[in-house]
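J.: Handing you this structure, nothing more for now.
The values are calculated or read from the model by the stated rules, or taken from the named source; none is laboratory data. If you're wondering where the values come from, they're calculated on a predicted model, not measured in any experiment. Cβ atoms come from the backbone with ideal geometry, glycine included; neighbour counts cover every protein chain shown. Ligands, DNA and RNA are excluded from the accessible area calculation, which covers all protein heavy atoms including side chains. Shrake-Rupley method; radii C 1.70, N 1.55, O 1.52, S 1.80 Å.
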Amino acid sequence: VQLQAYGGGLVQDGGFLRLSCAASGRTFTDYNMAWFRQTPRKDRDFVAAITWNVGLTVYADSVKGRFNISRDKDQNMIFLQMNSLKPEDTADYYCAARASPGYSYSGYHYDYWGRGTQVTVSS
């Protein structure tokens with residue numbers, strides 16, 4: 001399985017960005033897909049997850065109401081629409097895939113990772 005995230009960049013406080021993640025290498029039936037983020041000297045934090053089949057979603061409290069995760073099954077893509085961005089959202093963002101049923105908020109439970117894409121929100 002290969003995951004490739006892109007779409008990061010520099011945006012002002014209150015702005016928006018849309019991250020994309022291209023998934024390849026197999027079919028993703030029964031997979032859970034997620035976004036995590038990481039800043040220097042901190043662990044990788046859960047942002048949002050979505051089930052591939054049904055599209056059920058879950059979000060970290062810090063992004064609820066501002067971020068939206070979605071997937072396109074035909075294109076094997078997942079997206080993270082980030083609105084009302086804040087400086088504290090600045091991080092490297094990673095997409096991840098979990099080859100097991102059910103959500104997990106822990107990065108240790110994800111089997112595949114893409115390379116990060118950097119998001120910087122200026123105040």
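J.: Find the percent of Cα-Cα distances in the range 1-66 that exceed 21 Å, and round it to a whole number.
T.: Numbers: 701 of 2145 pairs.
Value for the range 1-66: 33 percent of Cα pairs lie more than 21 Å apart.
J.: Here's a follow-up. Tyr31's amide H: which non-local residues (gap 5+, or another chain) put their own amide H closer than 5 Å, with H modeled 1.01 Å from N in plane and none for Pro or chain starts?
T.: Trp52, Asn53
J.: On average, how much accessible surface per residue is there in the chain, in Å², for a 1.4 Å probe, leaving out ligands, DNA and RNA?
T.: 53
J.: When the Kirkwood radius is taken over all Cα pairs of the chain, what Stokes-Einstein diffusion coefficient follows at 20 °C and 1.002 mPa s, in µm²/s?
T.: The Stokes-Einstein estimate is 151 µm²/s.
J.: Over the range 1-69, with every protein chain in place, what whole percent of the accessible area is carbon and sulfur at 1.4 Å, could you tell me?
T.: Details: 1730 of 3670 Å².
Carbon-and-sulfur percentage of accessible area, whole number: 47.
J.: Per-residue counts of other Cβ atoms within 10 Å, averaged by peptide: what ranking do you get for 81-89, 101-109, 23-31, highest first? Could you put the intermediate results ahead of the total?
T.: Details: 81-89: 16.6, 101-109: 12.8, 23-31: 14.4.
Descending packing order for the listed peptides: 81-89, 23-31, 101-109.
J.: May I pose another question? Among Arg66, Arg18, what's the order by accessible area (1.4 angstrom probe), most exposed first?
T.: Arg18, Arg66
J.: Calculate the spin-label point distance for Asp72 paired with Ser100, positioning each point 7 Å from the Cα along the beta-carbon direction, and give it in nanometres.
T.: With each label placed 7 Å out from Cα toward Cβ, I get 3.1 nm.
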